Every structure is written in structure tokens, then in C-alpha cells.
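Just below is one structure, and these are the notes that go with it.
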Amino acid sequence: MDFRGIRAIDDRTAYLMSAGAGDASRIYKTIDAGEHWTLQFTNTEPKGFFDSIAFWDAAHGIVAGDQVDDGAEILTTSDGGAHWERQKTLHALPNEGSFAASNTCLFVRGSGEVWYATGGRGTGRIFHSMDGGRSWTVAAAPVRNDSATAGIFSIAFADARRGIVVGGDYSKDKEDRGNIAITEDGGRTWAAPDDRPKGFRSAAAYVAGMWIWIVTGTSGSDVSVDGWAHLETVRRSLVQRHELHTIGLRLGRRRARHPQAVWPARSWTWTASRSARARCSASSVQTASARRRCSNAWLG
């Protein structure tokens, strides 16, 4: 089985989604921290292909899949996965589908709000529902869609208004055109930001409480703390060692010079130990020498 998505509800309960044509797309559940898994659902659509799974709470969840019968295959549950119901969706464009690259082409918030994103030649749209997938609206985004391997791969929101989509062409992962769009109105409209990631990106996440966006893909990762006015490319060793602190400081100072940024400034203390936090907190890097000491300690 090709497992592409997992969602944890608590320390014992989680859902696992496999992707593949027809009955290779399945949903499993554990209630004992992974000791045992129960098959909850098997896709009976020969043309079906699951792309992403998400849950609003322990009972209510949603799965997004490629188009079947002229529309995306959207399934929802209201009883913790015991039953899954197909929801009616809007008309899909020819060649339109979602990408199962990172389990992030689907995003939920609140008690019933959901977005999912698509790609493919001539497509690349964001679908939005406020009622748990029963009704939908759709908007286009300026992300490249010039081949079957191009489009939107990931979507994330900071709140009800501010969100991003990322993608590009995974077969040309060093190319950086048309790989990001942002919204400030809940997804009704999308626009390209001032700066963009340095290549194809397949996953995006917002770190709540730290006001930081992270996007990643096969050609690298980028972070922003000023509403995408500026990006900072992250070295692979940086990601592996969780050393985003100094990058955050640099971007934070940039944001102070851009009051129009949509995310508020804050102190940066994402470090690995208490002594490091004291050494590299925002209050301790007010001088150039202190900043150099902090940078040397964490960037090597």
C-alpha cells in the first residue's frame, strides 16, 4: 500500500490514508497508538484516487480525491470514520486533479470550513466550503499549470482570511516561476507575493504562535515572517538541526521596516536549549557582536 496521509486525533487515535487507483485508496484507523489498525473504507470507484485526509475533530473528517464522474471525489464522515458519505462538488475541468505529494492539498479549520487545491494542465484552482463539504465555491490562483506535473500542491491558512498555496512543476523542481500565491480574503482572490520560493514546493505550513510560514519541496525550503514580503532560503542542515532562530531574527528585523506586513512582529526564541534561548533571545542580540555570537553558535 502507498500510504500518503495520516491525521492524529490524540495520543492513541489516528487515521491513515493510502493512495492509488480504485480500491488501492483506503482509510484505516487506530485507537491504540498504532498497535492495531482497522480498515474503515475502501474506494469502490475504479477511477478514484485519494489525495488527502483531514479532520475537524474526533468525529468529523474529510477526504479529497481526484475527479470521478465530472467532479472531485469528496468524502466526509460525522461518526469518526464508521461511515463515509460522498459529497456533491463543482464541475471539474479536463485534466484537473489534486496532488497526493504531502497530504496538504486539503486544509480544514474551525468546525466545518475546508479548502482543497488542484493542478494539471490548464487547471490550478482552490475550492472552498463553509459547511463541511456540502456546498462549494471556487477561485483561480496564479500558479503555473502548463503540464500534467504542474499546479498547486499544498494549501495552508493562518486564520480565516490569510492563506497561501504553493506548487510549481515537480518535474522541473529548480524552476521558480508560478510557484506561490497568497490570499487575504479567505481564498476569494489570490495573487502572487513580492518574493517567491526558490523552486518547486510541495508542502506549506503556518507555525501558530510564532508567526512563521515554512514551505518545502524537493529543491529546498523557505521561511517568511513578514507576509511573504521577503523569503529566506533554509539550508538543509539548518532544517535537520531545527536552527531557524537566526533566520527568524533577520526576517524579524526586516518586518519591522515593513509595517504593512500582515503578520505581527514578535521575539524569536526557537532554539534547542534553555541556555541557548537565553543566549539567542531577541533581547540579547541588540548589538552586532552579540548577533555574530548567536549566529556562530547556531549556524556553525
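Things to note:
- Ala100 being within 24 Å of Thr30 (Cβ to Cβ) and either of a type in the set (Ser, Thr, Tyr) or in contact (Cβ under 8 Å) with a residue 24 or more places away in the chain (or both): yes
- Within region 119-135, the set of residues being under 26 Å from Ala208 (Cβ atoms) and in contact (Cβ under 8 Å) with a residue 24 or more places away in the chain comprises Ile126, Phe127, His128, Gly132, Gly133.
- For Thr123: the one exception among (1) within 24 Å of His91 (Cα to Cα); (2) modelled with pLDDT of 95 or more; (3) in a loop (DSSP other than H, G, I, E, B): (2)
- Output for region 88-100, where each listed residue is surrounded by fewer than 21 Cβ atoms within 10 Å (Cβ to Cβ) and small (Gly, Ala, Ser): none
- Residue match in region 22-36 (condition: under 24 Å from the mean Cα position of the chain (by Cα), within 27 Å of Ala72 (Cα to Cα) and assigned to a loop (DSSP other than H, G, I, E, B)): yes
- Filter result (buried (at least 20 other Cβ atoms within 10 Å of the Cβ), of a type in the set (Gly, Ala, Ser) and either modelled with pLDDT under 95 or in a loop (DSSP other than H, G, I, E, B) (or both)) within region 49-87: Gly81
- Taken together, Tyr206, Tyr170 contain a single residue that is touching a residue at least 60 places away in the same chain (Cβ under 8 Å) and hydroxyl-bearing (Ser, Thr, Tyr), which is Tyr170.
- Take the conditions (1) over 24 Å from Gly97 (Cβ atoms); (2) modelled with pLDDT of 90 or more; Asp195 misses just one of them, which is (2).
- Qualifying residue in region 91-100 (condition: hydrophobic (A, V, I, L, M, F, W, C) and within 21 Å of Arg4 (Cα to Cα)): yes
- Within region 90-115, being in contact with an Asp or Glu (Cβ under 8 Å, 6 or more places away or on another chain) and hydroxyl-bearing (Ser, Thr, Tyr) holds for Ser98, Ser111.
- Filtered by the rule that a residue be part of a strand (DSSP E or B) and closer than 22 Å to Ser52 by Cβ, region 198-221 gives Ala203, Ala204, Ala205, Tyr206, Val207, Trp213, Ile214, Val215, Thr216, Gly217, Ser221.
- With respect to the conditions (1) on the phi < 0 side of the Ramachandran plot; (2) touching a Lys or Arg at 6+ places or on another chain (Cβ under 9 Å), Lys29 lacks only one, and its number is (2).
- Selection of region 183-201 for residues being within 24 Å of Ala139 (Cβ to Cβ) and surrounded by fewer than 21 Cβ atoms within 10 Å (Cβ to Cβ) yields Glu184, Asp185, Gly186, Arg188, Thr189, Ala191, Ala192, Pro193, Asp194, Asp195, Arg196.
- Single residue of region 18-46 satisfying the filter (touching a strand residue (DSSP E or B) at 6+ places or on another chain (Cβ under 6 Å) and among the polar types (S, T, N, Q)) that is surrounded by the most Cβ atoms within 10 Å (Cβ to Cβ): Ser25
- Among the residues listed as Asp185, Asp176, the single one being in contact with a Gly (Cβ under 8 Å, 6 or more places away or on another chain) and farther than 19 Å from Cys105 by Cβ: Asp176
The values are calculated or read from the model by the stated rules, or taken from the named source; none is laboratory data. All figures in this text were calculated on a predicted structure; none of them were measured in a lab. Don't worry about glycine lacking a Cβ; one is built from the backbone with ideal geometry, like all the others, and counts go over all protein chains shown.
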